[in-house]
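Below: the structure, in structure tokens.
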Amino acid sequence: MGDSGSTTIVRIENQALQRAEAERHLAAGHRLQFVDCPMEENDFSGLDLSGSSFERCMLTRAVFDDASLESARFVSCRGSFASFIDADLTEAVFSDSDFANANFRRATLTHASIRSCKMLGVDFSDIKAITMDLQDVGMALAKLPGLSFRKARLTGVDFSEADLHDCDFREAIFQKSSLRDANLVGCRFTNADLRGADLGGLRLNDARLFKGAMISRDQAAELLGQMGLRIG
């Protein structure tokens, strides 16, 4: 055990901690630090795990619905099909982890940071996410309808085939990112810098969505090519 001010930090290593034991620690006011723990399909729904950390943990199909995970850290974890429905993940950090097909519906991710993660097919429908930080994240086939990325700097973010309808990308800057074959219906790109985005698969009917955005000469040539025009 460690001590951080008045809060005792309990390190739990290589244990398949069950809900009852977690509740006992939390009732005692402990902050939990999980390391190398196998917690597949564990049910932590509704628990206050604020400030907890999960390092190299197996969280496949774990349930965190309605849990408080403010400032929680998930580092080098594997959590495919985990559920975070209605969870509070304000200022949470996800790093070097794989949460493919996880469900974050209606979760709060305000000021959360997601870096160097695989988020293939995740469901971010109806989340609250003011200034969420995304960097080097694979979000192909993800559901992110209606999210605001206004003024965001999106570096290394793969939105290939993602559902991005009605998203706000105004003044966003794309660097080494992809919008290939994404659903962009209703998106706004005014003053966005798309020169660092892969726009492959863009249909001519979608071109109007990029009105007011900055694109490269090569991207412009691709769009003109779909109109049957060639640049001399």
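Data for the structure
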{"quantity": "Residue within region 187-200 that is of a type in the set (Lys, Arg) and in contact with a Ser or Thr (Cβ under 6 Å, 6 or more places away or on another chain) present", "calculated": "yes"}
{"quantity": "Only one of ARG105, ARG78 that is basic (Lys, Arg) and within 12 Å of the chain's Cα centre (by Cα)", "calculated": "ARG105"}
{"quantity": "Residue within region 143-156 that is surrounded by 20 or more Cβ atoms within 10 Å (Cβ to Cβ), under 16 Å from the mean Cα position of the chain (by Cα) and among the β-branched types (Val, Ile, Thr) present", "calculated": "no"}
{"quantity": "Within region 1-62, strands (runs of 3 or more DSSP E) holding 1 or more residues that are within 27 Å of the chain's Cα centre (by Cα) and under 23 Å from ASN103 (Cα atoms)", "calculated": "31-35, 53-55"}
{"quantity": "Top-ranked residue in region 157-180 [being assigned to a loop (DSSP other than H, G, I, E, B), modelled with pLDDT of 95 or more and charged (D, E, K, R); ranked as surrounded by the fewest Cβ atoms within 10 Å (Cβ to Cβ)]", "calculated": "LYS176"}
{"quantity": "Criterion (surrounded by fewer than 16 Cβ atoms within 10 Å (Cβ to Cβ) and among the small types (Gly, Ala, Ser)) met by exactly one of ALA82, ALA27, ALA67", "calculated": "ALA27"}
{"quantity": "Any chance ASP193 is closer than 27 Å to ALA100 by Cα and charged (D, E, K, R)", "calculated": "no"}
{"quantity": "Tabulated pairs, region 8-23, first without any contact (Cβ under 8 Å) to a residue 24 or more places away in the chain and within 11 Å of ASN42 (Cβ to Cβ), second among the β-branched types (Val, Ile, Thr) and part of a strand (DSSP E or B), C-beta under 9 angstrom, 6+ apart or interchain", "calculated": "GLU21/ILE12"}
{"quantity": "Set ASP126, ASP88: member being on the phi > 0 side of the Ramachandran plot and modelled with pLDDT of 95 or more", "calculated": "ASP126"}
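The values are calculated or read from the model by the stated rules, or taken from the named source; none is laboratory data. Please read these numbers as outputs of a predicted model, since none were measured by experiment. FYI the Cβ positions are ideal-geometry reconstructions off the backbone, even for glycines, and counts take in every protein chain you see.
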